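Contents: one structure, followed by commentary.
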Amino acid sequence: MELGRGHMEASVACEVESGNLRFPVYKLTLGNPDPTLPAIGFFGGIHGLERIGTHVLLYFLRGLISRLAWDKSLHHLLQDVRLVFMPLINPGGMWQSTRSNLRGVDLMRNAPIEAEGRVPFLLGGHRISPHLPWYRGVAGAEMEIENQALCRTVQDELLTRSFSIAVDCHSGFGLRDRVWFPHAHTVHPIQHLADIVSLEELFKETYPTNRYLFEPQSLHYRTHGDIWDYLYLQAEQDKKKTFLPLTLEMGSWLWVKKNPRQLFSRHGVFNPIVEHRLHRVLRRHAVWLDFLMRAAAGHDNWQLQGPSRLRMQERAVARWYRT
Ligand SMILES: [Zn+2]
């Protein structure tokens, strides 16, 4: 934030308290605030154990800020797009080394939205006890303050625009790096599937050696209370708007496989520990974030319209939703 002075506005979206400790949840904005322009939001640290997501965002942000001292092309780009960062949404969880926040609530199970059909026991979200993982919070209660701050930020900075992307950084699932998109609460496809596939193809053309597995989250398991489903459904009310919430799931099992000693550390299961691996992870995903920023700024040039959009949507439905 010190480095970004003059280029970036910083504010406290909410404050989490524990005894005498106070943890600010920061919101950082750069670029052109004009609401007619596209925007992209970068989010991380929703799960306190998944530190690597926050690291990746701060690494990328530091790079942007350093370049603003000399890079004219970046200044031009930021005339066309708004950037919002919330790199650490659950600082209390990160401080106490838990997935949940300080009140034992999993922020990715806490939104007021119910899954259709059966969800996996506990993992899908439950209201049994905050001492068990994936706890949703008390039925009918307001969302946790971290989620309220996240929703306000998305509503104010992204959903006000005709085009926006959100990318939320997580780790811990599988051997591969994945990009998950809604829905999580139902097996039905979203209206903007065509845009997701266009974005995927654009990325593959631009960076053929970088591999992400694109999938709807519901392909793996359905959950209650997904915050991105909740926000997507709000955005969807206005048919003229496009809001694409993506979740980057960095595959941590590979880090563990290559260095099995990590299994014995709580952080080791979710984060790269060996230094060269950490550096590689930071570099690789910074490329993806940079791509998304540029894709948001230039969305007019790749978003399909009319019949080609319909064909793309049908292809995508066939790929993920017909078994
Ligand atoms: Zn996570």
Quiz item: For the range 174-199, which residues satisfy the criterion of being away from the ligand (no atom under 16 Å from the Cβ), surrounded by 21 or more Cβ atoms within 10 Å (Cβ to Cβ) and part of a loop (DSSP other than H, G, I, E, B)?
Solution: 183, 185, 190, 192
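Is it fair to say residue 23 is in contact with a strand residue (DSSP E or B) (Cβ under 6 Å, 6 or more places away or on another chain), away from the ligand (no atom under 16 Å from the Cβ) and either assigned to a strand (DSSP E or B) or without any contact (Cβ under 8 Å) to a residue 40 or more places away in the chain (or both)?
yes
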Self-check item: residue 249 being without any contact (Cβ under 8 Å) to a residue 40 or more places away in the chain and closer than 24 Å to residue 45 by Cβ
Solution: no
Quiz item: Which condition breaks for residue 54 when tested against (1) at pLDDT 95 or above; (2) out of contact with any Gly (no Cβ under 7 Å at 6 or more places or on another chain); (3) surrounded by fewer than 24 Cβ atoms within 10 Å (Cβ to Cβ)?
Solution: (2)
Quiz item: Going by the conditions given, is residue 274 among the β-branched types (Val, Ile, Thr), open to solvent by 20 Å² or more (accessible area, probe 1.4 Å) and farther than 20 Å from residue 44 by Cα?
Solution: yes
Self-check item: Pair list, Cβ under 9 Å, 6 or more apart: the range 298-319 residue assigned to a helix (DSSP H, G or I), other residue open to solvent by 100 Å² or more (accessible area, probe 1.4 Å) and not hydroxyl-bearing (Ser, Thr, Tyr)
Solution: 313/191
Practice problem: Can you work out which of the residues in the range 49-84 that are assigned to a strand (DSSP E or B) and among the aliphatic types (A, V, I, L, M) is farthest from the ligand (Cβ to nearest atom)? | Solution: 83
Practice problem: Return the pairs, sorted by first residue and then second, in which the second residue is open to solvent by 50 Å² or more (accessible area, probe 1.4 Å), the first residue lies in the range 217-228 and is of a type outside the set (Gly, Ala, Ser), the beta carbons are less than 7 Å apart, and the residues are 6+ apart or on different chains. | Solution: 222/117; 224/114
Quiz item: If residue 215 passes every condition in (1) outside any loop (DSSP other than H, G, I, E, B); (2) within 14 Å of the ligand (Cβ to nearest atom) but one, which one does it miss?
Solution: (2)
Exercise. For residues that are surrounded by fewer than 24 Cβ atoms within 10 Å (Cβ to Cβ) and either under 14 Å from residue 135 (Cα atoms) or within 15 Å of the ligand (Cβ to nearest atom) (or both), tally how many sit in the range 93-107.
Key: 7
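Mind checking which residues of the range 234-271 are among the polar types (S, T, N, Q), surrounded by 17 or more Cβ atoms within 10 Å (Cβ to Cβ) and under 30 Å from residue 112 (Cα atoms)?
Selection gives 242, 247, 252, 271.
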Quiz item: Taking only pairs six or more apart or across chains, which ones have beta-carbon atoms under 6 Å, a first residue in the range 29-45 that is closer than 22 Å to residue 2 by Cβ and open to solvent by 20 Å² or more (accessible area, probe 1.4 Å), and a second residue that is part of a strand (DSSP E or B) and not charged (D, E, K, R)?
Solution: 31/83
Quiz item: Quick check, is residue 113 part of a loop (DSSP other than H, G, I, E, B), in contact (Cβ under 8 Å) with a residue 12 or more places away in the chain, on the phi < 0 side of the Ramachandran plot and of a type in the set (A, V, I, L, M, F, W, C)?
Solution: yes
Quiz item: If we scan the range 77-94, do we find a residue that is of a type in the set (Asp, Glu) and without any contact (Cβ under 8 Å) to a residue 24 or more places away in the chain?
Solution: no
Quiz item: Restricting to the range 127-173, what's the tally of residues that are buried (at least 17 other Cβ atoms within 10 Å of the Cβ), within 16 Å of the ligand (Cβ to nearest atom) and either part of a helix (DSSP H, G or I) or not hydroxyl-bearing (Ser, Thr, Tyr) (or both)?
Solution: 13
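The values are calculated or read from the model by the stated rules, or taken from the named source; none is laboratory data. Values in this document were obtained by computation on a predicted structure and should not be read as measured data. All Cβ positions, even for glycine, are placed from backbone atoms using ideal geometry, and neighbour counts span all protein chains on display. What goes into the accessible areas is simple: the full protein's heavy atoms, side chains included, and nothing from ligands, DNA or RNA. Shrake-Rupley method; radii C 1.70, N 1.55, O 1.52, S 1.80 Å.
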